[in-house]
Amino acid sequence: VHNRPNYLAYLIESLRHTKGIDEALIVFSHDINVTPVNEMIRNISFARVLQIYYPYNMQIFPHVFPGQDPKDCPEKMGKNA
């Protein structure tokens with residue numbers, strides 16, 4: 001899940017109508033913390049839900065992997081550098 005609540009709403013509605021979904025565990029993996037997305041997922045009542053978060057997300061750790069680390073090579077570095 002990223003920052004696309006509109007797409008997530010379509011997915012959740014589709015899952016709601018899936019046969020046997022009440023016996024499934026739905027895992028949502030996040031790389032950023034977005035309140036509307038979290039609320040949508042917390043309101044799922046037709047199946048068990050687990051949310052996991054990438055521990056070093058770019059939102060909280062912008063200067064370490066996967067963000068830009070000061071020790072990284074320049075993003076636009078050419079082959080001749």
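What follows draws every value from the coordinates through simple rules; no lab data is involved. What you see is a predicted model, and the numbers here were worked out from it, not measured in a lab. For neighbour counting, all protein chains shown are included, and Cβ atoms are generated from backbone atoms with ideal geometry for every residue, glycine included.
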So who's got an amide H within less than 5 Å of the one on residue 28, skipping anything under 5 residues away but keeping other chains? H placed 1.01 Å off N, in plane.
50, 51, 52
Once the convex hull of the C-alpha atoms of the chain is built, how many Å³ does it hold per residue, rounded to a whole number?
124 Å³
So, relative contact order of the chain in percent, Cα under 8 Å, 6 or more apart, is 26 percent
Positive-end residue, the chain charge dipole about Cα centroid, Cβ charges, pick of 57, 20, 74:
74
Within the chain, list the trypsin sites (Lys or Arg not before Pro) lying in a DSSP loop whose Cβ has at most 13 other Cβ atoms in a 10 Å radius.
19, 71, 76, 79
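Please give the charge dipole size of the chain, origin at the Cα centre, charges +1 on K and R Cβ atoms and -1 on D and E Cβ atoms. Round to the nearest 20 debye. Walk me through the numbers on the way to the answer.
Working: 8 positive and 8 negative charges, 25 e Å.
Dipole of the chain, to the nearest 20 debye: 120 debye.
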With Cα atoms, 0 to 90° folded angle of helix 5-16 axis to the chain main axis:
40 degrees
